[in-house]
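The values are calculated or read from the model by the stated rules, or taken from the named source; none is laboratory data. Here the structure is a predicted model, which means the values were calculated and not measured.
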Amino acid sequence: MKYFVVVCALLVLVSAVSLGQVWKKGDFVASVNSEAWTLSEGKGERIHKYIVNFDKAYANPPSVVVMLNGFDASNDDTEGTKKNAATRLALVTEQVTKGGFVIKVKTWGDSKLNAVWGSWVAYGK
């Protein structure tokens, strides 16, 4: 099984190179120190947008994958006491263009997010 996964990964890489795919990757961090961060306060749906600009534009909008590497959340209420709360977090990409895209970090309910960090990969021609 291990060799099958390695062979599949090599086939994907070889086919991407042979088809002229351009791959770009990067990391992102968004937190309470980011401008307009509201995910650590309030209730209901809250969204933070992180803008990624490519150093060189693609010929056409690429495909983009975003991955969550970690997050910092709190289950304290406004008085600082612990409560039994769920952590709700969604990461999606939107507004993908030749020159970049937006990572949308979303939470809802009474979740309190202090930071999220992750990686992204873009590929296309």
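Data overview
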read-out	value
Test for Glu94: is it over 13 Å from the mean Cα position of the chain (by Cα) and among the acidic types (Asp, Glu)	no
Filter result (among the aliphatic types (A, V, I, L, M) and within 12 Å of Asp110 (Cα to Cα)) within the range 34-59	Leu39
The range 97-122, subset among the aromatic types (Phe, Trp, Tyr) and at pLDDT 95 or above, residue farthest from the chain's Cα centre (by Cα)	Phe101
